[in-house]
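What follows is a single structure, written as structure tokens, with notes after it.
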Amino acid sequence: MSTQLKPKLSLRPMQLNDLDDIMQIEPTIYSHPWTRGNFSDSLNSGYSAWILEDKLLGQSGAIIGYALLMMAMDEAHLLNLSITKLHQKQGLGGYLLEHMLKVAKNHQATNMFLEVRPSNVSAIALYEKLGFSEVTVRRGYYPASHTQTGREDAILMGLAL
């Protein structure tokens, strides 16, 4: 009989020294990953950036997810929400998104917005489960995946907080 260890989740602010690990994760999740510059610019701009770790027995944790949130006036814009391939489909995206919703509310945001590829069905399902709905479509927002040519639309989703 084998015993599977359950993750001990920990949330903490993202730091510049996390970027080496994040740069290893990004291309395993996305066909067009964020660059180190995208992350460092976001951190230097003061965006709310969070790391989700799996800590085992008090050791420093392995990064299993991260998210970045930009505040503008009373609106929050979720720029990136990522869970490592190995840890997807375990409810961790919802856990991290709920944290980001709390962060937005703590900054007195009245609405949160995000863009998502129409092809990212599981992300759309997660966002809808937490109350987001489609606001509009941004035509040609994303570069197409490696198997397609041209560009892919984005669904802009919003949630009143």
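Brief remarks on what is shown
- Boolean, G94 is surrounded by fewer than 17 Cβ atoms within 10 Å (Cβ to Cβ), on the phi > 0 side of the Ramachandran plot and either modelled with pLDDT under 95 or not acidic (D, E) (or both): no
- Complete set of residues in region 45-73 that are out of contact with any Phe, Trp or Tyr (no Cβ under 9 Å at 6 or more places or on another chain) and within 22 Å of E115 (Cβ to Cβ): S45, G46, Y47, S48, A72, M73
- Among the residues of region 142-161, those that are surrounded by fewer than 15 Cβ atoms within 10 Å (Cβ to Cβ) and part of a strand (DSSP E or B) comprise P143, R151, A160.
- Exactly one residue among K105, K85 is among the charged types (D, E, K, R), surrounded by 11 or more Cβ atoms within 10 Å (Cβ to Cβ), touching a residue at least 40 places away in the same chain (Cβ under 8 Å) and closer than 27 Å to D54 by Cα, and that residue is K105.
Here is a yes/no grid of residues against (1) in contact with a Phe, Trp or Tyr (Cβ under 8 Å, 6 or more places away or on another chain); (2) among the aromatic types (F, W, Y):
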| residue | (1), (2) |
| --- | --- |
| E75 | yes, no |
| L97 | yes, no |
| K102 | no, no |
| Y127 | no, yes |
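- Residues of region 14-55 that turn out to be of a type in the set (G, A, S) and surrounded by 13 or more Cβ atoms within 10 Å (Cβ to Cβ), as a count: 4
- Members of region 81-137 that are among the basic types (K, R) and in a helix (DSSP H, G or I): K85, K102, K105, K129
- Selection of first residues in region 1-25 that are under 16 Å from S48 (Cα atoms) and of second residues that are at pLDDT below 95 and part of a helix (DSSP H, G or I), restricted to Cβ pairs under 7 Å at least 6 apart or on distinct chains, gives an empty result.
- L52 vs. criteria assigned to a strand (DSSP E or B), modelled with pLDDT of 95 or more and not aromatic (F, W, Y): yes
- Evaluating V116 against the criteria (1) buried (at least 17 other Cβ atoms within 10 Å of the Cβ); (2) over 26 Å from D21 (Cβ atoms); (3) among the aliphatic types (A, V, I, L, M) leaves one unmet condition, (2).
- K129 vs. criteria farther than 15 Å from L11 by Cα, in contact with a helix residue (DSSP H, G or I) (Cβ under 9 Å, 6 or more places away or on another chain), at pLDDT 95 or above and of a type in the set (K, R): yes
The values are calculated or read from the model by the stated rules, or taken from the named source; none is laboratory data. On a predicted model such as this, the values are computed, not experimentally measured, just so you know. Every residue, glycine among them, receives a Cβ derived from its backbone with ideal geometry; neighbour counts consider all protein chains shown.
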